[in-house]
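**Q** Dropping a structure here in structure tokens format, bear with me for questions.
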């Protein structure tokens, strides 16, 4: 049992503070609109550039429109399922379902609006690099990211503060729906967008670079438009939605645990910290001004570190101003519960606990930034070593990149694990306060999210800008060099933000796991009125070990499905691009025009089809384990998913980042430069790494949070149906079997697609061998 029955009463000064936070969220949205207007005011370059950018815009818009139609079906089903789940109050059940749609809508809005600006900013970055120089080009790219960052912060704070204002003491239960909606939609957008972007990228590279020996964004390659569309639907829309749900779910976990630990102040304080982050994010954006001759990555990192430091100081001040110095100083019903906790050993200072937890999160984000930059940056030894192995072929490039990924996963996990354990120790004896401290570490990390999102979006915008410039042929050699430099900076910032997103996911998932545990224990205490709470919830139950294995297995299966989906879709792209080189006269001479739209259609169709199976697995696996095996194995399932998911996500992200930048090293003239055997070897490494770092790896972040939120939502029903006098074993097992059956059918259908693809590909390859 948690020993906590707190009903926070949000009145007076606390309610006013939440209203102020709501105003800050609106101000953040206002800043997003201002940054957008600054970007749109920049020059648009030549007519040829504008025509290419328009094709990218149309492809991205068409994909997202079709994707949202598909995801609308899932949202409707989830909405009805949430209405059917039990809740203590009908208003809470309805509110939870409605705010599920709000969370999903906000996640979709961040992705869509971020993408819609990015497809217009790429043109403007290319034009600025060609006409006015590096610094204006970098400003346009970073302002684009800043718009998405402020949109993420503004909508996240707006949604959470609105729930708190409307539902007050019941807000934590309603927030479960808000977080679930954000996470579910982000997972689908991350998987679908990731499959799209990497299928087009891999297909374009394998035929264009390796077989035809033409540049990456050469307009003669039929996959180039699809590749640039993919940067936007995957790296902009998908990643923006992913970072928004990380923001939202971390807030949700903190508010749920905060209401239990600190009562009404625990419902307000987690909103206060990211509100401070919204203000420091604006400062970070304006600090991002390159000095003469300075590498762009140094400029961006400096802005991050300064804004993070100021956010940390402001958060400590807020902790000491807002929170009492003793648990006994809390008012009303919260004081009674917290005094009880204090008698159990939690006799620390709430101010110090909160301030230290927030600082742990901020320091962890800085540590992850430095560590990821080391393992994926072109100026450091790991990537240089991968680049050297290109002299001995593709196999050694693959081996060295895998080694970098495995090693970096260990060190990154140490940093994340140290932060989680350090925050947990702050609880000084109370499980609830310890878990709240972990969630506050996540809130500390949220103070950096505005700048982090800006860094992330800068990557695909600069990549797209280089593509627009190369396809148009209207950029000077100096402008092309500027865009190459910005693209290399963007590659590293994308890798860094993936690392921080993983850390956020672990902190949020750990806090949600704690919420699941306390929810189950409270429900067990309610069912077992004699106080005999079953001991098999704990690790001595062998079912827990089974759950751990199943949770880890789902992460592996999910990753395999995502990577295999890219392989299938990329294969289709390869055969289509080869066909066009063979059947359309004059492509290589520049007199024939490739059919760009056919490739866009192929990857759109395949990516939307392929995202269904991983999505069903994420939602239904915890339902199958919980209703089939019970609450204890489900706890083990979540622990296994968090542990294996952390390692797998970092491994995939950093392996892919190392391969990508090793290719950049060679393309910059090292080890033989473009067109050499070493270049071909690093292109192979990069194509292997593409689905690692941009599809499967980032998708694990929302995966583990979706599974934790599903588990939290069904916890009460699982206990009720499996314990006490009102057991429904038959219905419980039936639910589990239906979930398992749906997963099996989805996997079977996916495998059948693979067989059909293999037969078609073999027949086409026999009829038309690849171009030499």
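**Q** What 222 nm value per residue comes from the helices of the chain, counting each DSSP H run with n ≥ 4 as -39,500 (n - 2.57) and dividing by all residues, nearest 500 deg cm²/dmol?
**A** On the way: 23 runs with 621 residues, N = 772.
Value at 222 nm, helices only: -28500 deg cm²/dmol.
**Q** Which whole-number percent gives the relative contact order of the chain, counting Cα pairs below 8 Å spaced six or more residues apart?
**A** Computed over the chain, the figure is 20 percent.
**Q** Here is a follow-up. Compute the helix-to-body angle for 394-425: its Cα long axis versus the longest principal axis of the chain, expressed 0 to 90° and rounded to tens.
**A** The answer is roughly 20 degrees.
**Q** Starting from the 7 Å offset along Cα-to-Cβ, what nm value, one decimal, do you get for the label separation of residue 728 and residue 166?
**A** 2.8
**Q** For the chain, find the longest principal axis of its Cα atoms and tell me its angle to the long axis of helix 612-629, 0 to 90°, nearest 10.
**A** It works out to around 30 degrees.
**Q** Then there's this: Can you tell me the Rg and the Dmax, both Å, for the Cα atoms in region 138-214?
**A** Over region 138-214's Cα set, Rg and Dmax evaluate to 19.9, 64 Å.
**Q** What fraction of the Cα pairs in region 245-287, stated in percent, has a spacing above 13 angstrom?
**A** 56
**Q** Based on other C-beta atoms within 10 Å, arrange 598, 605, 96 from fewest to most.
**A** With the sparsest Cβ surroundings first, the list reads 605, 598, 96.
**Q** Still on this structure, I have one more. Taking a cut-off of 49 Å, what percent of all Cα-Cα pairs in the chain are separated by more than that? Can you show the working numbers first?
**A** Values: 41813 of 297606 pairs.
Here the tail beyond 49 Å accounts for 14 percent of pairs.
**Q** On C-alpha positions alone, give me the angle between the axis of helix 677-691 and the longest principal axis of the chain, in degrees, nearest 10.
**A** For helix 677-691, the angle is close to 30 degrees.
**Q** OK, next. Using 1/(1 + (r/R0)^6) with R0 = 30 angstrom and r between the beta carbons of residue 752 and residue 83, what's the FRET efficiency to the nearest 0.05?
**A** Values: r = 34 Å, r/R0 = 1.13.
Between residue 752 and residue 83 the formula returns 0.35.
A short reminder: the numbers here are calculations on the coordinates, not readings from a lab. Small disclaimer: the values here were computed from a predicted structure and weren't measured. Backbone-built Cβ (ideal geometry, glycine too); neighbour counts: all protein chains shown.
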